[in-house]
Amino acid sequence: MRLTDASVAIRPRSAWEAMDLGVLLARRHAGLLMGSWALLTLPVFVLLSALFWTEPSWAMFLFWLLKPAFDRLPLYILSHALFDDTPSLKSALKALPRLLKPQLLASLTWRRLSLTRSFDLPVLQLEGLAGQARGRRLAVLGLSGTRAASWLTIIGAHLEWALWFGLITLLYLLLPQQLKIDMDWQKLIDVAQGDWLWLEHLSNSLYALLLIVWEPVYVACGFTLYLNRRTELEAWDIELVFRRLRQRLTGIAYAVLLGCAALLAMHPGQRAMAEEHAQSCPLPSLDASAPQAARLTRQALTSQAAQGAIAQILDAPPFQHRETVTRWHFGDEPAESADAPPGMLARFFQWLAGLGELSKGLANLAVALKVLLWALLIGALALLLWRYREWWFAFARRVRPPRRTPREAPGLLFGLEVAPESLPDDVAAEVERLWGSQPREALGLLYRALLSRLLHEFHLPLKSAHTEGEVLALQQGLQRPELDAFARLLTQHWQALAYGHRMPPESLRERLCADWRRLDGQAPA
């Protein structure tokens, strides 16, 4: 695999951009991909249809099951075409038996329903990995590539079925009108008669023709997702830049080397240069008058002694300052010499090192200091709060949420007055008086009294928009079984009278009035 021969730009892409690259790659080699797929799959489809002529569904299922085996041929073509080595149709079909050998049974059985099938196929076919090595490789590649591959399979499956049903619908629209009139759907369901099997086989063939266009695109998108993931992991784009840089510099380097060789050939040799230099600049002769010659040999202070004394003076201050540094220090900080006494900090640490017996006491002292510091902090916070207490109270009152004004109870519910002033003192007696002549007013008065009691004594949040059923639902939250039974009975007969114009039975008067008197004597909790 030569990255410099790639027919596409090698660079990291997003997953969706990588799939778009797969579509473009499949479109570039559409003729070869579609032709090889048709030559491979259509004979298999015809053979399966002939073997299972009376069972078209089984022929369709087996053809669908063999799709992972068919996918290996488009991947072989794409992997070579990517690096400008596009195989011919004959060579691609000749390589098919070798491509089908590795792990074919696994691809057609337990791996058949894998959502990352198109992404995993290059690892099997191009890298030749199996077993634990394949699992580890897929784990590394799948850290950020399996999600897009899964979505590719899901969207591709929906696209297949949508296009297939669209072609079937188009086929039905193209049928002659006379054939549609004579068509009996019972015959289509009854396969045993065999009269309409050709139509089902024809619909299956539409699926086989559809895959000629779609399946190479699916394989190409999975292949580009795999290439994009390897580009991210192995930095193919950086490697490609260095390779191109080396190719550019190789020609220049040859020219530079040839130029240097030409210059060296024109320049005189080293031996000739040494001889010329020796002739033009001869070494001085050591005679008695030379500066380094021994002089004053007959005096007390000879020239050698004078030179030694001079060297000793120049090696001492103020001409030379030598010091031995035994610790790290900044550039502007004077360093301590080896002979200097230790500083105050060093003496302090030496003193602490000698207090090994007092380590327990030092630990207790540290705890005491910690407690003291926390106490000082808490005291400072308390003093601060006390100092600004007036400001805090004023600010707290300003940010305090506004008080809610008590909600006024509505005076009308369902068009009925529910204010306590509008009710008589003895509701049950008034109901008994009105029941014989005006049963509607009597039952309405009792229902008004119930609503007024729920609203003003039990403080239920009733609104004019509530219905009778919602009132019953709110009343159940009071957890009063007797009140619940009375309200249900009264509401049922009130709705029957108000909306259905059904008069209540006479026996209901005594029951309702007795229940109301009993409830009227109970104060709400």
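The values are calculated or read from the model by the stated rules, or taken from the named source; none is laboratory data. Keep in mind that what you see is a predicted model, and the values were worked out from it rather than measured. Neighbour counts are summed over all protein chains in view; Cβ atoms, including those assigned to glycine, are modelled from backbone coordinates with ideal geometry. Note: areas computed on protein heavy atoms with side chains; ligands, DNA, RNA excluded. Shrake-Rupley method; radii C 1.70, N 1.55, O 1.52, S 1.80 Å.
Electrostatic bookkeeping for VAL471 treats Lys and Arg as +1 and Asp and Glu as -1; over the other residues with beta carbon under 15 Å from its beta carbon, the sum is +1. Under Stokes-Einstein, with the Kirkwood radius over Cα pairs as Rh, the value for the range 84-169 at 20 °C and 1.002 mPa s is 142 µm²/s.
At full extension, LEU197 and GLN299 could sit 23.0 nm farther apart than now, given 0.36 nm per residue minus the alpha carbon distance. Relative protection proxy for 478-484, 200-206, from highest mean packing down: 200-206, 478-484 (other beta-carbon atoms within 10 angstrom).
Between ILE212 and ILE154, the contour length at 0.36 nm per residue exceeds the alpha carbon distance by 19.0 nm. Residues in the range 40-82 average 40 Å² of solvent-accessible surface per residue, probe 1.4 Å, ligands and nucleic acids excluded. Taken along the Cα-to-beta-carbon direction at a fixed 7 Å, the label points for LEU167 and LEU24 span 2.8 nm. Extension gain for LEU423 to LEU108 (0.36 nm times residue separation, less C-alpha to C-alpha distance): 105.0 nm.
If R0 is taken as 41 Å, the Cβ-Cβ distance between SER91 and LEU263 corresponds to a FRET efficiency of 0.20.
Computed from the C-beta positions of ALA366 and TYR388, the FRET efficiency with R₀ = 30 Å rounds to 0.35. Spin-label pair LYS101-MET503: with each label point 7 Å from Cα along the Cα-Cβ axis, the two points sit 10.2 nm from one another.
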